[in-house]
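See structure below.
A short reminder: the numbers here are calculations on the coordinates, not readings from a lab. As the structure is a prediction and not an experimental result, all values here were calculated from the model. Using ideal geometry, Cβ is built from the backbone for each residue, glycine included, and neighbour counts are taken over all protein chains shown.
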Amino acid sequence: MAVRLGDIAPDFQAETSEGRIKFHEWLGNSWGVLFSHPADFTPVCTTELGAVAKLRAEFDKRNVKVVALSVDGLESHKNWISDINETQHTHVNFPIIADPAFEVANLYDMVHPNASDKFTVRSVFVIGADKKVKLTITYPASTGRNFDEILRVIDSLQLTAGYSVATPANWKQGEDVIITMAVKDEDIAAKFPKGSTRIKPYLRTTPQPNL
Ligand code: BEZ
């Protein structure tokens, strides 16, 4: 069964390249990104895991722990990590789950049989500190993901969790945000002391409130 937005992220135990984890316990009070890739020793996946390793400080800044998964085994992961470090000029600094029995892959519906019944697709799950799923994305094997976009979405998720705002198309940190429809015009000045612009009754903007 598919894992949907707002669901509690399914808990599991698994072997990883950094030891056995109990997923919820490992997350602790952090946010999490769980992402799958089709297979070890494949070119796009190699670039993706290198890209994530280089972004580790950005994930840390946002209190986000990252964990990857493929249905390859632990020895394969350990050997492949050497290749990633060598070719991507980085150091893999997050665990990779070994899931040869497809236990976690099936729990998170990461195998899409009409794409392949042997490999996981490129799934991404962003999980909040409350263990609820905040974002799901699925990419095909042929397209490497843009992890700057994952960080951008996390910025939006963390901002909108704390304020009555939403973020517009292509929003980035520091840009104006949209005041949600639940906020009455007469309450805006008190809630958003940085000011606001009323473009339409349903489209009101304010400077990013948490900066
Ligand atoms: C890749 O990572 O390059 C890849 C993996 C599986 C199928 C196709 C490409």
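Quick one: if the Förster radius is 25 Å, what FRET efficiency do ALA182 and ASP11 give, using the C-beta to C-beta distance and rounding to 0.05?
0.20
In the chain, what percentage of the DSSP-assigned beta bridges are antiparallel, given to the nearest 5? Intermediate results must be reported in sequence, preceding the final value.
Numbers: 22 of 31 bridges.
Taking every DSSP beta bridge within the chain, about 70 percent pair in antiparallel fashion.
Quick query: amide H of THR16 versus all other amide H atoms, modeled in the peptide plane; which residues come in under 5 Å with a sequence gap of 5 or more or a different chain?
ILE21, ALA98
So, in nm, how far is label HIS112 from label GLU149 when the simple model puts each one 7 Å beyond its Cα toward the Cβ?
Each label point is offset 7 Å from its Cα along the Cβ direction, giving 1.3 nm.
Nearest 5 is fine: what % of DSSP beta bridges in the range 1-96 come out antiparallel, could you say? Please list the in-between numbers first.
Details: 2 of 9 bridges.
Percentage antiparallel, nearest 5: 20.
At 0.36 nm per residue, and after removing the present C-alpha to C-alpha distance, how many nm does the segment from THR87 to LYS22 gain when stretched out fully? All intermediate terms of the calculation are to be shown ahead of the outcome.
On the way: separation 65, 0.36 × 65 = 23.40 nm, distance 3.07 nm.
Gain in length upon complete extension: 20.3 nm.
Using a Förster distance of 22 angstrom, determine the FRET efficiency expected from the C-beta separation of ALA101 and LYS78, and round it to 0.05. Walk me through the numbers before you get to the answer.
Numbers: r = 18 Å, r/R0 = 0.83.
Computed FRET efficiency for ALA101 and LYS78 comes out at 0.75.
Please compute the modelled spin-label separation between ASN63 and ILE137, points set 7 Å along Cα→Cβ, answer in nm with one decimal.
Roughly 2.3 nm, to one decimal.
In deg cm²/dmol and to the nearest 500, what is the mean residue ellipticity at 222 nm of the chain if only DSSP H runs of at least 4 residues count, each as -39500 (n - 2.57), divided by the residue total?
Numbers: 7 runs with 63 residues, N = 211.
Calculated at 222 nm, the ellipticity per residue is -8500 deg cm²/dmol.
Mind checking which helices in the chain clear 18 Å along their axis (Cα) and have mean Kyte-Doolittle hydropathy of -0.5 or more, DSSP H runs only?
Sorted by number, the helices that extend far enough and score high enough are 147-162.
Cβ neighbours within 10 Å, averaged per peptide: list 1-13, 34-46 in order, most packed at the top.
Descending mean neighbour count gives 34-46, 1-13.
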